[in-house]
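Here is the structure we will look at.
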Amino acid sequence: MRWSALVSEPVAAKVLVVEDNRTMLALMQYYLSKDFTVFLARSAEEALEVLQREQLHAVVSDQNLGDGLMGVDLLKRVAELQPHAARILVTASQKLEDAQKAINEARVNHFLTKPFTEQELKNTVGQAVHNAALLSIRDKMVQELKDQLGLGRGGAGKPAAGKPGVPGAPGAPAAAPRPKTAEPQKADAKGAASQSLIPESERLAFRDGLTSLYNHRYFQEALSAGLLSARRREQKLALVLIDIDGFRRFNLSRGYAEGDKLLRRVAQMVTDMMEDPVTHARSDNSSEIAARYDWDVFGVILCNADVERARTYAEKLRKAVEELDFPEGTGSDVGEVTVTAAVAVFPDQARNEQELISAAEKALRSSKASGPNRVVLAPR
């Protein structure tokens, strides 16, 4: 079973709303109950009671609770009791120091500034729940790999017998080998050695070893979670598949070492082009995923993106690769490396994950047959 089936936000994700004003509490319940299972609390004490009995996807708390405890203090307790739950602070303050305190002390994920509209509330909660789902997927994948490496919750131990390594993109290296234990170590030294492997295990769990993009497995989980969120919030989601033209011939003529360099270079460009269409700043939206989809194919998920935004991204990437100076500094091979990209959008071309992938793959094959170095849209 996929992790996304276990941890991505379901149709009735559980959201706790904490607000001491009865009218505002009822209004927020009305707005959110169409999309979520909503629990209500008028004080921090009532909220903590809900936290003890319910596994929540998000907690929305007003800053001024009126019972001696501030919203940021409550959300700090939420971070301790249910770290995977998204934390949203509702406040009228726009002071930078207040935001810094909320982020540093309570690890607040999102802010909602009064006064807010119904759509702002629903979008903020929906995005927070979706991002929390992706983080939960990542944590579970990391824990799975740690268990296989003998670095599970109980500390160093023996990996489960017969379990395969976590798959990445096709052709990606297998998980790191177990630490050597031939030399006797003191207990504290052994623990330190095990701890040193944890950052590496986190990378291997959901990153491709060659390009450092997300691997194929994480890509599939993120796409499932993204489509659940898009469907519930009535938003679009774009899938872009990018294939390096003639990569097999490039490997044969230049050698596999140069081929690996090219994969890393194009992978970097794939992420560099993921920027905000208005501000042109690099996107920090964790729900926008770039992954190594196949050997020489990259996959990009653009949440809340229509066909024009996806096509603009793909065309910008295509032109940048076409102008790539590779090997860098020579200038003699500009134009030799090109990519073909296919764009499919939910719900325009597909109603579910498999239809979306199929539409993008079919469009990519069709485009490759007609000639390289182009961007093609999946037919409706």
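The values are calculated or read from the model by the stated rules, or taken from the named source; none is laboratory data. Just so you know, these numbers come straight off a predicted model, no measurement behind them. Backbone-built Cβ (ideal geometry, glycine too); neighbour counts: all protein chains shown. Accessible surface areas use protein heavy atoms only, side chains included; no ligands, DNA or RNA. Shrake-Rupley method; radii C 1.70, N 1.55, O 1.52, S 1.80 Å.
Just the ratio, please: alpha-carbon radius of gyration of segment 7-69 over 2.2 N^0.38 Å, N its number of residues. Walk me through the numbers before you get to the answer.
Values: Rg = 11.5 Å, N = 63, 2.2 N^0.38 = 10.6 Å.
My calculation over the Cα atoms of segment 7-69 gives 1.08.
I want to check the label-to-label distance for W295 and L252. Put each point 7 Å from Cα in the C-beta direction and report it in nm to one decimal.
Rounded to a tenth, the inter-label distance reads 1.2 nm.
Which value, in Å² and to the nearest 10, is the accessible area of M273 when all protein chains are kept and the probe is 1.4 Å?
Accessible surface of M273 is approximately 40 Å².
Around F219, what is the net charge, scoring Lys/Arg as +1 and Asp/Glu as -1 over all other residues with Cβ under 10 Å from its Cβ? The partial results should precede the final answer.
Values: positive: R217, R292; negative: D208, E221.
Here the charged neighbours net out to 0.
Filter K316/K362; K34/K76; K140/K362; K122/K319; K14/K236; K114/K316 down to the pairs with a C-alpha to C-alpha distance above 26 Å, please. Before the final figure, lay out each step's value.
Working: K316/K362 22 Å; K34/K76 28 Å; K140/K362 32 Å; K122/K319 37 Å; K14/K236 23 Å; K114/K316 38 Å.
Those over the limit are K34/K76; K140/K362; K122/K319; K114/K316.
How much length, in nm to one decimal, is gained on full extension between E336 and H84, taken as 0.36 nm per residue of separation minus their Cα-Cα distance? Kindly include the intermediate steps, with their values, before the conclusion.
Details: separation 252, 0.36 × 252 = 90.72 nm, distance 4.63 nm.
Taking E336 through H84 to full extension adds about 86.1 nm, to one decimal.
Can you pull the accessible area of R264 for me, 1.4 Å probe, Å² to the nearest 10?
Ignoring ligands and nucleic acids, R264 comes out at about 100 Å².
Pull up all non-local amide H partners of A86: gap of 5 or more, or a different chain, and H-to-H distance under 5 Å with H placed in the peptide plane.
Under 5 Å from the amide H of A86: A58, V59.
At a temperature of 37 °C and a viscosity of 0.692 mPa s, determine how fast segment 306-380 diffuses translationally according to Stokes-Einstein, using the Kirkwood radius over alpha-carbon pairs as Rh; express D in µm²/s, rounded to the nearest whole number.
Details: Rh = 13.2 Å.
Translational D for this selection: 248 µm²/s.
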